[in-house]
């Protein structure tokens, strides 16, 4: 894929421990990479700027706001939105490119492989995280940590990411589904299990119930307040 054809947009907020691994997984010089920092206090922006070829921008805090700011800061005809604690798999650009070549596909995303923060974590902890990953191969709408790849015209037609504190990924995925088919790619993005490790039952309850609560009319602001750890 020509480096001018696709831009990777990474929203970040206090992600200094993860941001460089995330950016290096994109591949050196493979595509345009834009990090949008939402006011980190831990040096995230400086660490991102150390990675060659990465452009660092700032915007008001809020993942939807940061994602949209990054998308509009580039003119690339294709976009991939990647969370800062995620790492792309080998062959990601070819797989995403093939999917986006098909005009009936409005959104492509990956499966998930959640890893424990502690490499010495036991088998039970790893099995729990892998069980949570089953949501990424289901029939429902994908979440943003699965890395969304879209054509520019689809992004615009879907209205971009909304400026809401939570559920921006589901709103965008729902809009894309109205425009075409969502394709889950047979490759897995690796992500950290930090939120499930700190409060495993509470985090699982949130991921299981928030989409339904949102559809029933609970506001993103209320859900964000309940979630507490919004990045």
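Read-outs throughout are calculated quantities, based only on the coordinates presented, and are distinct from any laboratory measurement. Every value quoted in this text rests on a predicted model; they were computed, and no experiment measured them. FYI the Cβ positions are ideal-geometry reconstructions off the backbone, even for glycines, and counts take in every protein chain you see.
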Exercise. Just for the Cα atoms in the range 43-110, what are the lengths along the principal axes, largest first, rounded to whole Å?
Worked result: 39, 25, 20
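Dividing the Cα convex hull volume of the range 134-197 by residue count, how many Å³ per residue is that? List each step's numbers first, then the result.
Details: hull volume 6.6 nm³, N = 64.
Taking only Cα atoms, the range 134-197 has a hull volume of 104 Å³ per residue.
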Exercise. In nm, to one decimal, how far is the residue 209 label point from the residue 225 one, both placed 7 Å along Cα→Cβ?
Worked result: 1.6
Problem set entry | Bridge type composition, the chain - antiparallel percent by DSSP, nearest 5 | 25
Exercise. Once you put a point 7 Å from the Cα of residue 73 and another 7 Å from the Cα of residue 57, both along the Cβ direction, what distance in nm separates them?
Worked result: 0.5
Problem set entry | Normalised contact order of the chain, rounded percent, pairs of Cα under 8 Å and 6 or more residues apart | 22
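Ignoring everything except DSSP H segments at least 4 long, calculate the 222 nm mean residue ellipticity for the chain; use -39,500 (n - 2.57) per segment, divide by total residues, nearest 500.
Values: 10 runs with 90 residues, N = 231.
Rounded to the nearest 500, the figure is -11000 deg cm²/dmol.
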Exercise. Over all pairs of distinct alpha carbons, what does the Kirkwood formula give as the hydrodynamic radius of the range 1-135, in Å?
Worked result: 15.8
Exercise. How high is the relative contact order of the range 33-89, in percent, counting Cα pairs under 8 Å that sit 6 or more residues apart?
Worked result: 33
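With the radius of gyration and the Kirkwood radius both derived from the Cα set of the chain, what is their ratio Rg to Rh?
Working: Rg = 16.5 Å, Rh = 17.8 Å.
Ratio of gyration radius to Kirkwood radius for the chain: 0.93.
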Problem set entry | Residues in the range 93-107 reached by a label modelled at residue 181 [backbone nitrogen below 18 Å; 7 Å Cα→Cβ] | 95-107
For this session: Name the most mobile residue of 157, 175, 188, meaning the one with the largest mean-square fluctuation, in a Gaussian network model of the chain with Cα contacts below 10 Å.
Result: 157
Problem set entry | For the range 1-67, fraction of C-alpha pairs farther apart than 20 Å, in % | 21
